[in-house]
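Let me begin by presenting the structure, written as structure tokens, before commenting on it.
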Amino acid sequence: MIVGAQWGDEGKGKIVDLLAQDSDVVCRYQGGPNAGHTIVVGEETYKIRALPSGIVRGKPCVIGNGCVVDPEVLIGELDEFERRGHPTHEVFVSGNAHLIMPWHLAIDQASERRLGKLAIGTTKRGIGPCYADKAMRLGIRVQDILDAKILRQKIEAALAEKNLWLERVYESEPFDLETVAAQYEGYAKRLRPYVSDTSLYVDSALRRGKAVLFEGAQATLLDLDHGTYPFVTSSNPVASSAATGTGIGPQRIDHVIGVAKAYVTRVGEGPFPSEIEGPDQERMRELGHEYGTVTGRSRRCGWLDLVALRYAVRVNGIDRLALTKLDVLSHFATLPVCVRYTLRDGAETGDFPAHQSDFHAARPVYETLPGWHEALDECTSVDDLPAAARRYVEFVERELGVEVTLIGTGAERKSVLTRA
Ligand code: IMP
């Protein structure tokens, strides 16, 4: 199981792509097209939002019940993969996953507009409103596309309420039943063959001794329960949610690999103690190409935060770490690493603050490690790394008590170093 250990964009896609080689099935268990994975294979670049990254390796792929599905995005990706010569007949979409409807996008956009300065900075893909409807038991599920009559009834019932909200609360345009019904009936035809009982499928794969890889989208600090609420997504990216989000028992998860950048980035609003002050922030953004895959927004950049990473180890049960984009750090003479926070009362802590206001006020305490100047693109194993880069990795391991088993040194598929 692979989980983002920071605020997302850690490069999980590339790690999933690597581990998918030795897996038989790859599953997504939460989130939707708010995710954006970029995988570079030779001259080809794949940008994926809905499908599990395992699709690039030609593995059977599951979109679990915990996901939200925008049919337009999913169909776009299925068509694109077919066109590029990747068959999609082994894509299985849970009938219990929820459909993102046009009003979810409209409400996401309108509510962010209304929040003004208090906006969350969502990806505006309708994620929050879709999960809210799921919890409200007003949602429309993937399985509803199997019956045109039911689909139409559900759209009609939802619109009766949503149009009121859109017009009276958000002063936005309402949706027309006939237009939406026709649009979703079209999607239904294309998606019908993919709708499956994915819990049964994954369970049966596990029973047959197959290796199943779970691919978290977003990340620990964006988790609805454990993240920096309210600046979070509306699902649970943490590892234990893989069980709920695919319909298997928690004891089936053998290992949890946390993926962390060798520094930190964050998109959207919210507190960020190790955010870099001064020109190094822009430098890091340029060197790391830190612009959102989905929204194109600039990512905020910070030094590695071990307090937050220690927390991610705890709430996910991370037993191995993949440290990505180590090459980006090659350009800095010294590397501050946040080892503790100073709280409002002046006390120092190595534990992530449980109270939101403490986290807002937390100031980073840095230990500064020496940098290195050598490029890392010639390294083929961890042993080839410059001594200072090895010390950086060992420092992280010591502080967290977790072994770093994979190190990312570039965008290419081959640029992931493993431990001998
Ligand atoms: P939402 O998931 O679109 O509702 O956005 C909620 C918060 O999660 C915002 O701060 C987004 O920027 C952030 N977010 C959602 N998906 C991702 C992702 O894949 N990478 C990084 N941040 C994300």
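Summary of computed values
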quantity: Failed criterion for Glu171 (all others in (1) modelled with pLDDT of 95 or more; (2) of a type in the set (D, E, K, R); (3) out of contact with any Cys (no Cβ under 8 Å at 6 or more places or on another chain) hold); calculated: (1)
quantity: Filtered residue count, the stretch 270-302, keeping only those that are farther than 21 Å from Arg363 by Cβ and either away from the ligand (no atom under 16 Å from the Cβ) or not β-branched (Val, Ile, Thr) (or both); calculated: 14
quantity: Every residue from the stretch 120-162 that is away from the ligand (no atom under 16 Å from the Cβ), part of a helix (DSSP H, G or I) and surrounded by fewer than 18 Cβ atoms within 10 Å (Cβ to Cβ); calculated: Met136, Leu146, Ala148, Lys149, Ile150, Gln153, Glu156, Ala157, Ala160, Glu161
quantity: Residue that is in contact with a His (Cβ under 8 Å, 6 or more places away or on another chain), touching a residue at least 12 places away in the same chain (Cβ under 8 Å) and outside any strand (DSSP E or B), where the choices are Val73, Val56; calculated: Val56
quantity: Leading residue by the ranking (nearest to the ligand (Cβ to nearest atom)) among those in the stretch 204-228 that are farther than 17 Å from Asn316 by Cβ and open to solvent by 10 Å² or more (accessible area, probe 1.4 Å); calculated: Val212
quantity: Of residues in the stretch 314-326 being in a helix (DSSP H, G or I) and crowded, with 22+ Cβ neighbours inside 10 Å, the one farthest from the ligand (Cβ to nearest atom); calculated: Leu326
quantity: Leu166 vs. criteria open to solvent by less than 60 Å² (accessible area, probe 1.4 Å), part of a helix (DSSP H, G or I) and either among the basic types (Lys, Arg) or farther than 30 Å from Gln6 by Cβ (or both); calculated: yes
quantity: Residue tally, condition over 17 Å from Met284 (Cβ atoms) and either open to solvent by less than 40 Å² (accessible area, probe 1.4 Å) or among the hydroxyl-bearing types (Ser, Thr, Tyr) (or both), over the stretch 327-342; calculated: 3
quantity: Output for the stretch 247-287, where each listed residue is under 24 Å from Leu321 (Cα atoms), open to solvent by 10 Å² or more (accessible area, probe 1.4 Å) and assigned to a helix (DSSP H, G or I); calculated: Pro250, Gln251, Arg252, Arg285, Leu287
quantity: Residue tally, condition open to solvent by 10 Å² or more (accessible area, probe 1.4 Å) and of a type outside the set (Lys, Arg), over the stretch 24-48; calculated: 12
quantity: Selected residue (criterion: nearest to Arg297 (Cα to Cα)) from residues of the stretch 108-118 that are open to solvent by 20 Å² or more (accessible area, probe 1.4 Å) and either within 11 Å of the ligand (Cβ to nearest atom) or touching a residue at least 60 places away in the same chain (Cβ under 8 Å) (or both); calculated: Gln109
quantity: Single residue of Val195, Val238, Val267, Val259 found to be at pLDDT below 95 and either more than 16 Å from the ligand (Cβ to nearest atom) or aliphatic (A, V, I, L, M) (or both); calculated: Val267
quantity: Candidate set: the stretch 303-313, residues that are within 16 Å of the ligand (Cβ to nearest atom) and in contact with a helix residue (DSSP H, G or I) (Cβ under 8 Å, 6 or more places away or on another chain); chosen: the one nearest to Ile257 (Cα to Cα); calculated: Ala312
quantity: Cβ-Cβ under 7 Å pairs, at least 6 apart or on other chains, the stretch 173-195 side of a type in the set (Ser, Thr, Tyr), far side outside any helix (DSSP H, G or I) and loosely packed, with under 13 Cβ neighbours inside 10 Å; calculated: none
quantity: Number of positions in the stretch 18-37 that are in contact with a helix residue (DSSP H, G or I) (Cβ under 6 Å, 6 or more places away or on another chain) and at pLDDT below 90; calculated: 1
quantity: Residue that is farthest from Leu287 (Cα to Cα) [pool: residues in the stretch 382-409 that are at pLDDT below 95 and open to solvent by 20 Å² or more (accessible area, probe 1.4 Å)]; calculated: Asp383
quantity: Boolean, Asp79 is without any contact (Cβ under 8 Å) to a residue 24 or more places away in the chain and touching a Pro at 6+ places or on another chain (Cβ under 9 Å); calculated: no
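The values are calculated or read from the model by the stated rules, or taken from the named source; none is laboratory data. From a predicted model like this one, the values you see are computed outputs, not experimental measurements. Every residue, glycine as well, gets a Cβ built from its backbone with ideal geometry; the counts of neighbours run over all protein chains shown. What goes into the accessible areas is simple: the full protein's heavy atoms, side chains included, and nothing from ligands, DNA or RNA. Shrake-Rupley method; radii C 1.70, N 1.55, O 1.52, S 1.80 Å.
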